[in-house]
1. Report the antiparallel proportion of the DSSP beta bridges in the chain as a percent, rounded to a multiple of 5.
2. So for the pair Arg39, Lys776, with labels modelled 7 Å out along Cα→Cβ, what separation do we get in nm?
3. Where nothing but the Cβ of Lys and Arg (+1) and of Asp and Glu (-1) is charged, how large is the charge dipole of the chain around its Cα centre, in debye to the nearest 20?
4. Mind checking which aspartates and glutamates have their Cα closer than 15 Å to the Cα of Lys535? Skip sequence neighbours fewer than 8 apart in that chain.
5. Please give me the summed charge of the neighbours of Met539: other residues whose Cβ is under 12 Å from its Cβ, Lys and Arg +1, Asp and Glu -1.
6. Once label points are set 7 Å from the Cα along Cα→Cβ at both Lys131 and Lys288, what is their separation, rounded to one decimal in nm?
7. Taking 51 Å as R0, compute the FRET efficiency from the Cβ-Cβ separation of Asp468 and Ser154 and round it to 0.05.
8. Protein chains only, probe 1.4 Å: how do Asp262, Asp550 rank by accessible area, largest first?
Amino acid sequence: MPKYADIAFPTAVRRLFTYEIPENLGEVKLGVRVWVPIRNYNAIGVVVKVHEEVPDFEVRPIRKVLDVTPIVSQEFLKLSHWVHQFYFSSWGEVIQAALPAGLNFTSRKYLKPKDELEINLLSKEEAEVVKEISVQENQGYDEAKKRWKGTGLSKTLNSLIKKGFLEIWEEPNLKVSIKTEKEWNWVEGKNHKLASDFLNTLDKEPNKWQKALKVLTEVGLPKKQSELKSIAEFSPHTLKRLQGEWITFQEVEAEIQDLNLDFDPGSIKSLNTEQEVAFRRIAESLGKGMFSSFLLYGITGSGKTEVYIHSLKKALESGKGGIVLVPEIALTPQTVARFYRVFGDKVAVLHSRMTNRERLHAWKALKDGTKQIAIGPRSAVFAPVQNLGIIILDEEHDASYKQMDPAPRYHARETAIMRASINNAVVIMGSATPSMQALQMVKKSKSILLELNKRHAEAILPEVKTLDLKEYKSAKKGELAVPLFMAIEEALSKKEQVILLYNRRGFASYLQCETCGHIPQSPECSVSLTYHKRKNMLMCHYSGYSRRVDTVCESCGSNALTVQGLGTQKIEEELEEFFPDARILRFDKDSTSRKGAHAKILKQFEEGEADILIGTQLVAKGLDFPNVTVVGVIDADTEQAFPSFQSTEKMYQLLSQVSGRSGRGKKTGSVFIQTRQPENTAIQYAKKHDHKGFSKDEMSFREELFYPPFSRLITFVLKGKKEHQVSQAAHILRGVINRVVPDFDVLGPSASAISWINGNFFWEVTLKIDPDKGAKYIEALLEKVTDIYDLESPISTAVVRININVDAIR
Ligand code: ADP
Ligand code: ZN
């Protein structure tokens with residue numbers, strides 16, 4: 001039997017720690033949580049390896065095993081190990097990210113009087129404190145501190161701890177527990193027949209509890225407390241009267257995810273010809289139980305979701321489970337309802353606004369197989385679905401699939417592919433505007449392309465018009481060029497709805513020429529230069545290139561360069577002024593940060609309680625409102641100006657998605673794009689709904705400059721309080737990287753696009769590596785870089801932190 005266990009802790013430290021397995025613990029299984037001493041305290045970790053290798057250092061024994069059955073499966077250990085290597089995070093961080101808060105690794109400190117403490121040696125105050133603490137078992141340390149805070153005894157408490165009379169111990173904090181409720185049933189020997197017979201013998205009008213009993217004979221038992229509560233005849237009083245004589249209860253797990261949605265499996269739609277072809281191909285792979293990856297490339301409204309539903313159903317029929325990943329923002333009641341209608345309570349919805357308890361319930365239901373489908377944003381890729389057969393990634397190109405901060409900085413697309421391959425499962429990546437990464441997989445035969453080219457039924461793609469803001473300088477109402485303004489007026493008069501989109505990304509700002517629309521670019525990297533106000537400089541945050549702010553436009557020589565990209569919130573006020581009778585809703589990060597606010601806003605709009613919805617790029621994603629006939633983009637150029645190699649792609653995606661929002665019902669819609677660069681390729685292709693043309697252009701740009709998918713970017717983000725230290729550390733790091741991988745391009749060091757936040761300076765170094773290298777290679781490379789850096793750099797990582805981001809996107 002293995003004598004040693006390697007433990008992962010949920011800290012940033014990447015290495016594992018070895019402990020001895022004491023004989024009295026018997027077999028310690030992989031994936032269980034254990035409680036172990038570390039330095040001068042105890043902590044919770046997960047057993048990720050067991051072995052017989054005798055360590056060449058002294059090891060301490062595991063104190064306690066906390067789980068009977070492993071909290072994470074073997075399959076998950078494999079997956080998390082891959083994430084640990086590929087994204088260079090600690091293994092424990094990956095495991096923690098996958099567990100619901102109620103099951104994580106936190107511990108609670110409590111106080112315990114020293115063994116054989118002699119009370120009569122203590123002062124009067126000391127004795128008082130010790131006595132109070134002894135009354136309660138495991139008196140919490142924090143609670144004790146709070147309790148005596150501000151009183152004279154606070155000092156006494158501290159001195160008792162200092163002297164060692166009181167010891168601080170820790171225990172796992174498993175605060176969140178499963179919620180239970182009463183389930184009522186007949187007491188032994190009674191049943192509904194006996195109850196009816198009894199009621200028939202009554203000669204008087206039944207009293208309250210007898211009426212309640214009558215209801216029970218009608219609705220039948222067992223019934224949960226929550227179900228009885230909604231029946232008028234039941235009060236705590238009547239239940240009490242019936243309890244013992246007629247009915248009794250037991251505590252069962254409460255159903256807390258009350259989705260309150262329609263369940264109607266018969267409503268599943270039959271597929272049209274195109275959908276059927278795609279589905280057959282997927283079903284074939286499902287049948288073989290072999291790993292395969294599909295890119296379902298279908299225009300908006302072509303019915304990708306219907307293909308997902310049929311594929312999922314097929315997987316379930318063969319006893320498998322499935323995961324449906326959607327961008328966080330698309331996790332709307334509309335989406336959930338479509339899956340719920342077909343799969344009912346097989347579905348567990350996981351979203352970021354759940355309470356810890358709801359999360360724990362959903363997690364357990366998946367783990368024990370009560371539910372077979374998980375729907376959620378990127379972290380749902382880790383959901384403990386049993387016997388996983390299919391993973392669906394809707395809107396595969398969406399940026400929210402990449403976790404940026406904190407670690408693990410994983411990408412859900414790559415992680416889903418890895419998980420599917422571990423499980424011999426099928427992955428479907430769906431998009432109307434596939435990412436260059438996904439298209440590259442198709443090109444390299446790592447993924448199979450399936451296309452849907454027609455919108456279902458008669459809905460047709462809307463007409464897209466560009467409005468050149470240079471021409472409408474004087475023909476504008478506030479931010480709206482006259483044609484857009486008039487279209488809104490007309491839509492409102494016909495009682496149709498309008499969506500307006502403005503972009504306000506959290507980065508500094510940029511310059512744009514008012515005469516020709518040009519945005520200054522970095523000469524080497526072809527990304528827009530960021531305007532840094534403090535230094536009055538234009539800077540490239542990839543290469544570090546910088547120059548003084550131009551006085552004349554490098555493209556046309558005009559001197560009309562102006563700072564752009566600042567907030568456009570005033571547009572809401574303007575609209576209120578121009579359209580005083582219209583009901584306006586705002587939809588952005590600020591207005592949707594409250595729990596449920598997001599869903600509420602969408603519901604209001606869907607039910608026609610508002611005429612105009614204005615919002616950030618969030619409105620573009622996954623929404624389906626048949627009464628929307630006008631969509632306007634206030635300033636498309638803000639997206640192009642974003643300092644990233646992906647900015648053109650993002651702009652293209654945004655514009656095509658937003659166009660897809662219009663005319664989804666029977667009414668045809670129109671889309672207006674306001675811009676100063678109407679000739680921009682992203683706009684041109686989005687207008688024609690020509691993703692193929694766009695991606696061909698974009699791919700050749702990427703290939704020429706060695707951007708992904710032709711390389712993989714690893715970004716080192718350095719952060720510290722003093723700029724000269726951050727910059728120095730960045731230069732040292734660049735030197736180290738150059739030595740470790742002399743064959744690959746290194747960009748930077750350079751100040752980040754947002755170079756200063758809350759007293760911290762940010763610098764970056766970016767490395768481009770061969771995209772075909774795997775997790776082992778990446779881990780070895782990064783270990784070497786960080787080891788050498790730690791050895792050579794005079795600046796400790798406590799002063800300048802380095803975060804490593806593999807596949808960094810923006
Ligand atoms: P996508 O996910 O590609 O944007 P959806 O699945 O949302 O497209 O489909 C758009 C609309 O067309 C939805 O209202 C959907 O119910 C309808 N639809 C798609 N396919 C079918 C079908 N085979 N039969 C009936 N309605 C369909
Ligand atoms: Zn110009």
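1. Around 60 percent of the beta bridges assigned by DSSP in the chain are antiparallel ones.
2. Distance between the two pseudo-spin positions: 3.5 nm.
3. Values: 111 positive and 103 negative charges, 108 e Å.
Using only the charged Cβ atoms, the result is roughly 520 debye.
4. Answer for Lys535, where 15 Å is the Cα cut-off: Asp550, Glu723, listed by chain and number.
5. Once positives and negatives cancel, what remains is +4.
6. Taking the two extended label points, one gets 7.9 nm.
7. Efficiency for this residue pair is about 0.15.
8. Largest to smallest exposure gives the sequence Asp262, Asp550.
The values are calculated or read from the model by the stated rules, or taken from the named source; none is laboratory data. Small disclaimer: the values here were computed from a predicted structure and weren't measured. Every residue, glycine as well, gets a Cβ built from its backbone with ideal geometry; the counts of neighbours run over all protein chains shown. Side chains included, ligands, DNA and RNA excluded: accessible areas come from the protein's heavy atoms. Shrake-Rupley method; radii C 1.70, N 1.55, O 1.52, S 1.80 Å.
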